[in-house]
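Some notes on the structure that comes next.
The values are calculated or read from the model by the stated rules, or taken from the named source; none is laboratory data. Worth saying up front: this structure is predicted, and the values here are computed from it rather than measured. Cβ sites come from the backbone with ideal geometry, for glycine too, and all protein chains shown count toward neighbours.
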Amino acid sequence: MSTAVGDAAPHQRTFKVWRGDKTGGKMVDYTAEITPGMVVLDAIHQIQATQASDLACRWNCKAGKCGSCSAEINGKPRLMCLTRMEALPEGDVTVQPMKAFPNIRDLVTDVSWNYTVNKKITKFTPANPGTRFVAEDGTFRMQQRDVERTQEMRKCIECFLCQDTCHVIRDHEKHEVFSGPRFFARAASLEMHPVDVADREPFLKNEGGIGFCNITKCCTEVCPEHITITDNAIIPLKERIADRYYDPVTMLWRWVTGADKKDG
């Protein structure tokens, strides 16, 4: 049975780690002894303990559930605690902070913008008791398929790797007019909930900027929870926006009924 090089006897690996703050910085070389089963976060902790005690790194659970240790490893957004050393090719390992957000220090970035966006999304608004999906006593009446469809989006741990890899945010810096895949997933979990009655489509079209997404699926590829963000959240939302605002029959009906005036 073959054994991966990274899973063999202990050996040295070179790590090129970004050091600096919002004013600038550079890549600094460190060495770490790699032992079987190590993840990148282990190596960073080893570097902190033996060579750079002031190296700033955000982490918490080390189990892939808190989303704190997001970084770019060999140029790809990943969680350091889930990136096993044996899965990386031989050679130097680069570890950099997420590029889509302002740097605070070393590997720590300021992701507060995401929480500002989150506040703009209308919260869960259930229908009144006695309606189709809500009993008189307030009990929700939902089919299992509806539960599963919305539950997938709720697995998000807010690591913001999907936001970091999204070219609209990362390369074009449209933070002011684009919410990003994480919050399209949250909006989808609410919009597809059979009990919810709030209307978030005007926000998604305008301030949310969902039209800027061109379906590259890069957000789905980096999600540590394996949420199919593109196919199950973004595309269905874009279809709803297209039907409402660009389908001529729908547009005529909304003009006749005056529904379009409610969008502002």
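Is there any pair linking a residue in the range 145-160 that is modelled with pLDDT of 90 or more and surrounded by 18 or more Cβ atoms within 10 Å (Cβ to Cβ) to one that is in a helix (DSSP H, G or I) and of a type outside the set (D, E, K, R), with Cβ under 7 Å and at least six apart or on different chains, and which? Matching pairs, first to second residue: Glu152/Asn232; Met153/Ala185; Met153/Ala188; Met153/Ser189; Met153/Ala233; Cys156/Ala185; Phe160/Asn114.
Whether a residue is closer than 27 Å to Lys65 by Cβ, acidic (Asp, Glu) and modelled with pLDDT of 95 or more was assessed, and Asp164 passes this test.
With respect to being modelled with pLDDT of 95 or more and assigned by TED's automatic domain parsing to the domain that holds Asp164, Ile121 fits the description.
Taken together, the criteria exclude Thr122 from residues that are touching a residue at least 12 places away in the same chain (Cβ under 8 Å) and not in a loop (DSSP other than H, G, I, E, B).
Look at Gln151 and say whether it is within 17 Å of Asn232 (Cβ to Cβ) and among the polar types (S, T, N, Q). Taking the combined requirement at face value, the residue satisfies it.
Please specify each residue of the range 90-115 satisfying the condition of being assigned to a loop (DSSP other than H, G, I, E, B) and in contact with a helix residue (DSSP H, G or I) (Cβ under 9 Å, 6 or more places away or on another chain). Selection gives Glu90, Met98, Lys99, Ala100, Phe101, Pro102, Leu107, Val111. Among the residues here, Asn74 does not qualify as out of contact with any helix residue (DSSP H, G or I) (no Cβ under 9 Å at 6 or more places or on another chain) and touching a residue at least 60 places away in the same chain (Cβ under 8 Å).
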